[in-house]
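The values are calculated or read from the model by the stated rules, or taken from the named source; none is laboratory data. Just so it is clear, the structure is predicted and the values come from calculations on it, not from any experiment. Using ideal geometry, Cβ is built from the backbone for each residue, glycine included, and neighbour counts are taken over all protein chains shown.
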Amino acid sequence: MSILEDLNPPQRAAVATVEGPLLILAGPGSGKTRVIAHRIAYLVDVAGVEPWRIVAVTFTNKAAREMRSRVEAHLGDGARELVLGTFHAICARLLRVEAERIGLSRSFNIFDDADQMALMKRVVTELGIDTKRFKERALLSAISRAKSELRTAEECARSTADYFQELTARCYERYDELLAENGALDFDDLIMKTVEMLRDSNWIREKYQDRFLHVLVDEFQDTNVAQYQLARLFAGKHGNICVVGDPDQSIYSWRSADIRNILDFERDFPQARIVLLEQNYRSTQTILDAAHAVIAGSKERKQRSLWTDRGAGEPIVAYEAYDGEEEASFVAHEIQTLVDAGHGLSDFAVMYRTNAQSRAIEEALMAAGIPYQIVGGTRFYERREIKDLLAYLRLVQNPFDVVSFTRVVNVPGRGIGAKTVAELERWAKELEVPVYTALQLLAEQEKGRSTTTSERHPIAPRQAKALVAFMQLLDDLIAVSAKNSLSTLLDAVIGRTAYRRYIFAEADADGSGADEDAEERWANVGELQNVVSGYDGIAPEAALIRFLEEVALISDADTVAEQGEATTARVTLITLHSAKGLEYPVVFMTAMEEGVLPHIRSFDDQLQLEEERRLCYVGMTRAKERLYLIRAFRRYGMGVSQHAPPSRFLHDIPPSLVVQRSPVRDEAAAVERGPQRLREAIAARRELPSSPPDGGIEAGARVRHATFGDGVVVSCVPDRDDYVVTIAFKGGAGIKKLMLSMTSLELV
DNA sequence: ATACACGCGCTTTTT
DNA sequence: GCGCGTGTAT
């Protein structure tokens with residue numbers, strides 16, 4: 001039985017326990033992905049289960065692709081028939097198959113974040129909601145939370161505890177109505193509608209329960225209530241449900257992920273077998289010990305351990321830079337040093353808490369000539385030109401999509417302003433028909449036909465003419481789509497709208513420098529044509545549906561270059577959230593400061609603080625060989641520069657695992673930065689009270705710093721919840737004065 | 001209808 | 001320090 005051969009005993013149990021419910025608690029680097037792939041192969045090869053009877057859910061599309069290719073290694077072409085994907089992708093597929101039976105259009109569009117916002121804007125305007133007090137974002141996320149707990153608008157309306165909830169319920173109802181009118185579903189709908197479908201239709205439920213003999217869910221700690229219900233529904237008949245997760249890596253509670261699912265699983269399936277994977281094959285013992293020290297600070301955590309036989313390895317490097325800029329250049333410099341020592345560029349990942357932090361790192365890497373890739377950030381499919389063209393394609397698939405309609409009805413400009421659109425919408429509402437239907441009526445009237453059957457439209461002749469032309473364009477495109485490849489359709493969109501001319505004409509109007517921008521945007525259009533050509537083998541109608549679906553469900557993490565992929569080697573820049581599930585030989589975690597990690601918005605909530613801690617743990621456990629924990633002494637935020645105290649998580653790491661470094665140790669940098677620090681220290685002394693503050697250190701006191709050695713205090717001033725102390729140190733080249741955090745000092 | 005200028009609010013994390 | 005949205009001028 002070659003499938004079980006190179007597995008350790010718990011892994012083997014996880015693979016070969018075929019019948020009944022199974023909970024696998026898998027620590028970071030414990031070979032979880034491998035176990036799942038082997039398990040699927042085992043089910044097929046040894047237990048004789050047909051691949052199409054297995055449904056496996058992953059967290060990202062990339063994980064699904066990876067899983068499929070791993071299973072392929074065992075099963076060959078049989079892997080094709082597996083139902084394998086994210087919850088969202090699998091649900092979208094099922095809903096399309098069953099669409100007619102549940103009163104859904106088969107060509108529904110999937111609304112992404114921006115589409116949802118656009119729709120919500122309409123809702124709040126319609127309902128006259130004060131968006132100063134109640135943000136669309138907040139209302140949307142309340143609705144999303146409700147949907148992820150399978151609560152309908154009606155149910156929300158029945159139990160409102162305060163005004164915000166009442167408002168949410170009202171918005172929810174209207175928002176859903178608008179989605180339906182637009183022939184669209186949002187992300188949460190994909191899950192919720194599938195659950196409702198399986199719950200309400202005995203026939204459909206039995207069909208899938210009979211079909212799915214085995215259900216697997218990866219990253220179970222990050223599923224929400226609706227997703228868990230769905231998994232249970234799938235497994236409702238045979239009860240062969242296997243979930244894999246790690247409560248310590250639960251970092252998506254803000255997206256309604258619910259750790260309680262793990263506890264509920266044990267309750268819902270009391271006979272469940274539990275397997276613990278605790279041997280780590282990824283990191284050095286030093287990295288594991290440090291990560292463990294951080295996560296052990298978490299309350300209400302079941303004691304678990306993690307071990308490796310890989311040896312201690314390099315100590316962790318803790319680096320205090322002066323500011324964000326210096327932090328970034330340290331990263332660049334360090335990467336260069338390690339590259340010179342033989343590392344490849346793809347060995348490195350720089351991780352940060354917020355996307356905004358990537359900027360500084362990016363600039364430093366660029367200046368150093370180090371190639372990099374940013375995961376997430378401004379995504380390709382969020383570029384204006386791409387969204388425009390996608391909106392045309394979406395209109396072709398579903399002309400009732402008002403969000404896409406308003407986006408491109410006047411792009412490129414064709415004399416149809418907001419007022420005209422509003423007029424058209426009002427008329428449509430009056431006739432109680434969708435906007436697209438109103439447009440068709442208007443076109444007929446303009447052609448002089450059937451003026452008697454409906455009320456005369458209120459649009460001025462010139463605008464009416466423009467609208468008719470737009471509808472003609474749309475209808476032509478729909479005709480093209482019926483019997484041509486996706487490429488031909490996209491080319492038709494670009495050609496018929498003169499999109500290239502539009503891009504360059506817009507650049508001209510803007511003035512200097514914009515030409516490059518236009519070139520880049522046109523290149524993006526070319527890239528989209530490239531992507532689309534990958535769908536040309538598929539039948540025209542199916543190709544459009546599939547392409548739009550895949551684009552809608554694409555995620556940040558999906559854009560990480562896969563290992564062994566034939567691209568040029570690059571350093572990876574990535575958020576801690578997106579980094580989950582990945583590993584790199586060398587990891588830099590930046591901005592290890594109070595307010596960033598943990599993030600300031602989590603300060604007043606114990607549960608959120610715990611999640612920040614887990615986020616830190618996730619980041620640390622990505623590292624295989626070397627881990628850098630970097631912070632800056634002062635950092636810019638919202639226009640001002642402030643002193644940033646070190647992250648509380650750093651204090652949890654035993655000092656014996658860490659080597660402290662700072663620019664003064666790295667002498668070249670010290671010479672450069674010394675005078676600037678001194679200037680700022682003097683400036684600070686002028687602005688702030690100079691008397692020794694309560695709880696501070698008297699001027700003249702002798703202190704010790706881990707990096708700089710012994711020194712004498714020049715001044716000590718309060719700065720937020722710490723003191724900034726200016727100290728004169730005896731350095732090799734005379735006396736240096738530095739500003740430091742008081743917490744980093746020791747009195748001697 | 002389009003173009004530009006100013007002011008406000010804000011920044012977690014994303015399928 | 002920035003992007004977005006609103007308001008005003010052409």
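Of all residues in segment A:99-129 being within 16 Å of DNA strand B (Cβ to nearest atom) and under 14 Å from A:E166 (Cα atoms), which is modelled with the highest pLDDT? Looking at the filtered set, the residue picked out is A:V124. If I ask for residues that are in contact with a Phe, Trp or Tyr (Cβ under 8 Å, 6 or more places away or on another chain) and farther than 12 Å from A:F588 by Cα, which ones from segment A:328-344 would you list? Listed by number, the list holds a single entry, A:L338. Kindly indicate whether A:P21 is closer than 30 Å to A:K147 by Cα, more than 16 Å from DNA strand B (Cβ to nearest atom) and touching a Gly at 6+ places or on another chain (Cβ under 7 Å). Yes; evaluated as a whole, the condition is true for this residue.
Out of the residues in segment A:622-639 that are assigned to a strand (DSSP E or B) and among the hydrophobic types (A, V, I, L, M, F, W, C), which is modelled with the lowest pLDDT? Looking at residues that are assigned to a strand (DSSP E or B) and among the hydrophobic types (A, V, I, L, M, F, W, C), I get A:A632.
Within segment A:358-371, the set of residues being within 16 Å of DNA strand B (Cβ to nearest atom) and either closer than 16 Å to A:V587 by Cα or small (G, A, S) (or both) comprises A:S358, A:A360, A:I361, A:E362. For A:E446, the conditions (1) more than 19 Å from A:A118 (Cα to Cα); (2) surrounded by 15 or more Cβ atoms within 10 Å (Cβ to Cβ); (3) out of contact with any Lys or Arg (no Cβ under 8 Å at 6 or more places or on another chain) all hold with the exception of (3).
So for segment A:400-407 (the condition being touching a residue at least 24 places away in the same chain (Cβ under 8 Å) and among the small types (G, A, S)), does at least one residue qualify? Taking every residue of segment A:400-407 in turn, at least one turns out to be touching a residue at least 24 places away in the same chain (Cβ under 8 Å) and among the small types (G, A, S). Counting the residues of segment A:35-67 that are part of a helix (DSSP H, G or I) and either under 20 Å from A:G20 (Cα atoms) or more than 16 Å from DNA strand B (Cβ to nearest atom) (or both) gives 14. Looking at A:S256, is it within 16 Å of DNA strand B (Cβ to nearest atom) and either touching a Lys or Arg at 6+ places or on another chain (Cβ under 9 Å) or modelled with pLDDT of 95 or more (or both)? Yes; evaluated as a whole, the condition is true for this residue. Helices (runs of 4 or more DSSP H) fully within segment A:72-156 that include at least 1 residues being within 16 Å of DNA strand C (Cβ to nearest atom): A:113-126, A:136-148. For A:I191, the conditions (1) among the hydrophobic types (A, V, I, L, M, F, W, C); (2) over 19 Å from A:I102 (Cβ atoms); (3) at pLDDT 95 or above all hold with the exception of (2).
Taken over segment A:460-495, residues that are at pLDDT below 85 and out of contact with any Gly (no Cβ under 8 Å at 6 or more places or on another chain) amount to 2. When A:G20 is tested against (1) part of a strand (DSSP E or B); (2) more than 24 Å from A:G619 (Cα to Cα), only condition (1) is not met.
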